[in-house]
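J.: Right, I'll just put the structure down here and ask away after.
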Amino acid sequence: MSVLQSLKNIIESRGASYVILIDPDKNNQKSILSQVETANCSNVDAIFVGGSLMMDMNYNDRVEQIKKLSNIPVVLFPGGVNQINKYFDAVLFMSLLSGRNPHYLIGEQVVSAPIINDLKLEAIPTGYILIEGGDISSVEFMSGTRPIPMDKVDIVVAHALAGQFLGMKLIYLEAGSGAKKPVSTNIIKQVKTAIDIPIIVGGGIKSPEIAEKSVQAGASIIITGTIIEQDYNCMVEFADAIHWKD
Ligand code: 1GP
């Protein structure tokens, strides 16, 4: 079964899906495997792996280790084409819809498509929408694109609709890693009303309560990265809050 289908099945049966984000940067070298071990026994549904930069040459080795240890799907959440390798079960094939930088709208995708094809990786078409989370995010800086202001709800909705009409299978509402403000429940509600493909929400989700409210508003997949780097044990509480049908 495809990774996308397995996530959809979980959304259907458990109400929503919980995914952790691991940044395989050298700073996290020591903690990566503990994070995977904890995820294996904490009702986490998948691991997204990615980061804005690779700061050394051991990235591929770390991804291999993550894949070997993980009992759940390992999906690339790409910061760039150089992060693709054979160890992933799937790749979020993202277009940064909120930006107007052609390189991240279609340039990276053209470069990466033949490699993904050659590796026979599952590509999950994903519309990526960056929303202003209270600080300049790594995505904003690295992509040279401006986020949509949090109060411009109609603009976010229009981008999400455009993504759906372009054939995206998922819409990712991103406030940026470590965001001061997560994506508002108002935005999630309005996007949920407008589109019928699953909504991923991430960035600045620091508590199970925020995760639960985001799911109640219409999020189908919740991503946490920064908070679980600080405390692996909170994965169980996040999973409980997100899997509301259990
Ligand atoms: C970033 O949405 C993810 O791309 C996760 O954000 O690190 O703030 O959990 P956090």
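The values are calculated or read from the model by the stated rules, or taken from the named source; none is laboratory data. Nothing here was measured: the structure is a model prediction, and the numbers come from that model. Note: ideal-geometry Cβ built from the backbone for every residue, glycine included; neighbour counts use all protein chains shown. The area values use the complete protein model at the heavy-atom level, side chains included, leaving out ligands, DNA and RNA. Shrake-Rupley method; radii C 1.70, N 1.55, O 1.52, S 1.80 Å.
J.: Have a look at Leu170, Leu166 and point out the one that is within 13 Å of the chain's Cα centre (by Cα) and within 15 Å of Ser98 (Cα to Cα).
T.: Just a single option satisfies the conditions, and that option is Leu170.
J.: Please indicate, with yes or no, whether at least one residue in segment 204-225 is under 12 Å from Ile129 (Cα atoms) and among the small types (Gly, Ala, Ser).
T.: no
J.: Related question: For segment 105-122, enumerate the residues that are touching a residue at least 24 places away in the same chain (Cβ under 8 Å) and either among the basic types (Lys, Arg) or within 14 Å of Gln83 (Cβ to Cβ) (or both).
T.: Glu108, Val111, Ser112, Ile115, Ile116, Leu119, Leu121
J.: So, one more: Does Val111 satisfy being in contact with a Ser or Thr (Cβ under 8 Å, 6 or more places away or on another chain), open to solvent by 10 Å² or more (accessible area, probe 1.4 Å) and not polar (S, T, N, Q)?
T.: No, not satisfied.
J.: Got at least one residue in segment 122-134 being assigned to a loop (DSSP other than H, G, I, E, B) and of a type outside the set (D, E, K, R)?
T.: The answer is yes, given that some residue of segment 122-134 is assigned to a loop (DSSP other than H, G, I, E, B) and of a type outside the set (D, E, K, R).
J.: Tell me which of these Val156 doesn't satisfy, since it passes every other one: (1) surrounded by fewer than 24 Cβ atoms within 10 Å (Cβ to Cβ); (2) within 16 Å of the ligand (Cβ to nearest atom); (3) assigned to a helix (DSSP H, G or I); (4) not acidic (Asp, Glu).
T.: (1)
J.: Right, next: So is Ala179 modelled with pLDDT of 95 or more and in contact with a strand residue (DSSP E or B) (Cβ under 9 Å, 6 or more places away or on another chain) or not?
T.: For Ala179, the condition - modelled with pLDDT of 95 or more and in contact with a strand residue (DSSP E or B) (Cβ under 9 Å, 6 or more places away or on another chain) - is met.
J.: Quick one: would you say Gln230 is modelled with pLDDT under 95 and over 28 Å from Glu122 (Cβ atoms)?
T.: yes
J.: Ok, one more. Pick out the one residue from Ser70, Ser17 that is in contact with a strand residue (DSSP E or B) (Cβ under 7 Å, 6 or more places away or on another chain) and open to solvent by less than 10 Å² (accessible area, probe 1.4 Å).
T.: The conditions single out Ser17.
J.: Same structure again: Residues that are open to solvent by less than 10 Å² (accessible area, probe 1.4 Å) and within 15 Å of the ligand (Cβ to nearest atom): which helices (runs of 4 or more DSSP H) entirely in segment 170-246 hold 2 or more of them?
T.: Those helices (runs of 4 or more DSSP H) span 185-194, 208-217, 234-242.
J.: What number of residues within segment 26-51 satisfy the criterion of being farther than 13 Å from Gly225 by Cα, touching a residue at least 12 places away in the same chain (Cβ under 8 Å) and open to solvent by 20 Å² or more (accessible area, probe 1.4 Å)?
T.: Here the count works out to 9.
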